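Enquirer: Have a look at the structure that comes next, please.
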Amino acid sequence: MALTAPKSEAVRAMFTRIAARYDLMNSLMTGGRHHAWRTVAARETVAAPSGPVLDLATGTADLALAVRALDPARAVIGADFAEAMLHEAARKPAVRSARITLLAADALRLPFAHKTFAAVTSAFLLRNLEDLAKGLEEMRRVTRPGGRVVTLDITRPATPVWSQVFSVYFHRVVPAIGAAVAGDRQAYTYLPTSVDRFVSPDELSSLMRKLGFREARYRRLGLGTIAIHTALV
Ligand SMILES: C[S@@+](CC[C@H](N)C(=O)[O-])C[C@H]1O[C@@H](n2cnc3c(N)ncnc32)[C@H](O)[C@@H]1O
């Protein structure tokens, strides 16, 4: 299902609608595996030189929490343009005790100076962006030289048979769960469609290199359904 233009507005409205059920849906759709994937991304993130970390599109702050769990000394800022998602994040006792700073910001116009962060990370953001190259450029702009950009997202498995099975699950089962649990079939129909339309992991790595990132690489997890990209600035 395509979102009506402008995409950013439709994406923000969608996450505002599903915010209260977002965490529960993630656990149901992935059998609870999503936390382990964020931990792998967090491990890549804390390999950055010392300095603050920006978790972009932090949503309910699970990746920000994973970074703090591995590196309690890091200052972590979670930014997102859907205030309802930030509200869910702020309700979590773990977010309060970890002193994660939450703020409203658009990934395409970040309110930070150049070279502010040692690392910028994002989970499940990139395929939602209106302008992928602009989003990557903003991530690069606010990262210090020598710092890291780490992204995590769902991707189509490379194996054809498994890709078919994944497609049936994602296009038939996930929207039904979304309708039953989140009361929003549309949001969970957009999810598999956005994955289908997104660039492949190889294409994303190429784009990162073209934009000036160094040592862009990725690894797959979750039976090939998750790609974690890491690059240096
Ligand atoms: C699928 S959720 C991921 C949330 C969180 N990173 C996680 O790991 O669960 C996508 C998030 O991206 C945010 N988002 C999408 N486009 C954005 C943009 N242009 N600027 C800031 N946040 C954005 C949405 O509001 C939503 O909270």
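Each value in this text was obtained by applying a stated rule to the coordinates, not by laboratory testing. These numbers come from a predicted model, not from an experiment. In this analysis, Cβ positions are derived from the backbone assuming ideal geometry, glycine residues included, and neighbour counts consider all displayed protein chains.
Enquirer: Output wanted: per-residue J couplings in Hz (rounded whole) for the range 212-217, from phi through Karplus 6.51 cos²θ - 1.76 cosθ + 1.60, θ = phi - 60°, x for Gly and Pro.
Expert: Rounded to whole hertz, the list is x, 5, 9, 6, 5, 8.
Enquirer: Can I ask one more? Once Rh is set to the Kirkwood radius over Cα pairs, what Stokes-Einstein translational diffusion coefficient, in µm²/s, holds for the range 126-233 at a temperature of 4 °C and a viscosity of 1.567 mPa s?
Expert: 86
Enquirer: For the range 82-159, what are Rg and Dmax over the alpha carbons, in angstrom?
Expert: In Å, with Rg to one decimal and Dmax whole: 14.2, 42.
Enquirer: Which net charge results when you count Lys and Arg as +1 and Asp and Glu as -1 among the other residues whose beta-carbon is under 11 Å from that of Pro201?
Expert: With Lys, Arg at +1 and Asp, Glu at -1, the net is +1.
Enquirer: Further question: Hey, what does the equivalent ellipsoid look like for the range 193-233, semi-axes from the Cα gyration tensor as sqrt of 5 times each eigenvalue, largest first, whole Å?
Expert: Square roots of five times the eigenvalues give 19, 13, 6 Å.
Enquirer: Also: Which value at 222 nm does the chain reach when only helices count, each DSSP H run of 4 or more adding -39,500 (n - 2.57), with the total divided by all residues and rounded to the nearest 500 deg cm²/dmol?
Expert: -12500 deg cm²/dmol
Enquirer: Would you kindly work out the equivalent ellipsoid of the range 1-115 from its C-alpha gyration tensor and give its semi-axes, the square roots of five times the eigenvalues, largest first in whole Å?
Expert: Equivalent-ellipsoid dimensions as semi-axes: 23, 18, 13 Å.
Enquirer: Something else about it: May I ask you to derive the relative contact order of the chain, considering only C-alpha pairs under 8 Å and at least 6 residues apart, and to give it as an integer percent?
Expert: Computed over the chain, the figure is 21 percent.
Enquirer: May I pose another question? How about Lys134: which lysines have a C-alpha closer than 27 Å to its C-alpha, ignoring those fewer than 8 places off in the same chain?
Expert: Lys7, Lys115, Lys210
Enquirer: For the range 24-119, run through the trypsin sites (Lys or Arg not before Pro) and keep only the ones in DSSP coil with at most 12 other Cβ atoms within 10 Å of their Cβ.
Expert: For trypsin sites (Lys or Arg not before Pro) across the range 24-119 that sit outside H, G, I, E and B with at most 12 neighbouring Cβ atoms in 10 Å, the list reads Arg91, Arg99.
Enquirer: Right, another one. Which value, to two decimals, describes the C-alpha radius of gyration of the chain once divided by 2.2 N^0.38 Å?
Expert: 0.95
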